[in-house]
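Beneath this line is the structure, given in structure tokens, with notes to follow.
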Amino acid sequence: MIKLLINTRKIKMDSLDLNIINDDEYPIPKFKDLLKCFELVTTHHDIKSASVNVNIVSNTEIQQINKDFRDKDYPTNIISFEFEKPEGLPDDIVDDFLGDIVIAPAVLEKEALEQNKSLDDHWYHIFIHGLLHLLGYDHIADDEAETMENLEIQLLAKLNIANPYLDIEN
């Protein structure tokens, strides 16, 4: 089922629900490609039903969110908010909601140019990265970072995208 709402595009495939909110109509990759990334992550984790909201925002908006929630006063590429179900809420109401992701396309574009990467490939990498955060992955400790990066590399390879960390490490 595909639903189109004013300035909001929602794609539902089988039991995957990807709700993209892009009020300012920033250029973003094709929905089917973002959905494929979502499907790769959920399939890898044997998740049959999942829902995610993706908010596409300006640098100013993501900088404020970064400051408010992470105490970092600069724009970043992506921020993920893993859903924590309030106590007492019935399981069947939000049992498949993973959380919200906020993405700043201008930051992604700048990074892709600086790192000499395809913009779409960088989008897919960062989107997968954000989805993994919703599933509890993190990169604060070195061992966690290695686990998360290796999984990102593995999933991106299924999209024929090269290891995004090669140029950063060398």
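Against the set (i) 49, 34, 33; (ii) 57, 44, 41; (iii) 88, 35, 31, the structure's computed Cα extents along the principal axes in Å falls on (i). Take region 121-170 with all the other protein chains still there, run a 1.4 Å probe, and you get 52 Å² of accessible area per residue. Given K30/K67; K30/K85; K117/K158; K48/K110; K85/K158; K30/K117, which pairs have Cα atoms separated by over 27 Å? The answer is K30/K67; K30/K85; K48/K110; K85/K158.
Here the chain carries DSSP beta bridges of which approximately 55% are antiparallel, counting only pairs with both residues inside.
Between K72 and H139, the contour length at 0.36 nm per residue exceeds the alpha carbon distance by 22.5 nm. Of the residues G99, S80, I161, the one whose Cα sits farthest towards the positive end of the charge dipole of the chain is I161 (charges of +1 on Lys and Arg Cβ, -1 on Asp and Glu Cβ, taken about the Cα centre).
A simple spin-label model places the labels of H45 and Y165 1.8 nm from each other, with each point 7 Å out along Cα-to-Cβ.
The values are calculated or read from the model by the stated rules, or taken from the named source; none is laboratory data. The shown structure was predicted, so the numbers you read here are calculated from the model rather than taken from an experiment. Quick reminder, even Gly has a Cβ in these numbers, built from the backbone with ideal geometry, and neighbours come from all protein chains shown. Heads up: the accessible areas ignore ligands, DNA and RNA and are worked out on the full protein's heavy atoms, side chains in. Shrake-Rupley method; radii C 1.70, N 1.55, O 1.52, S 1.80 Å.
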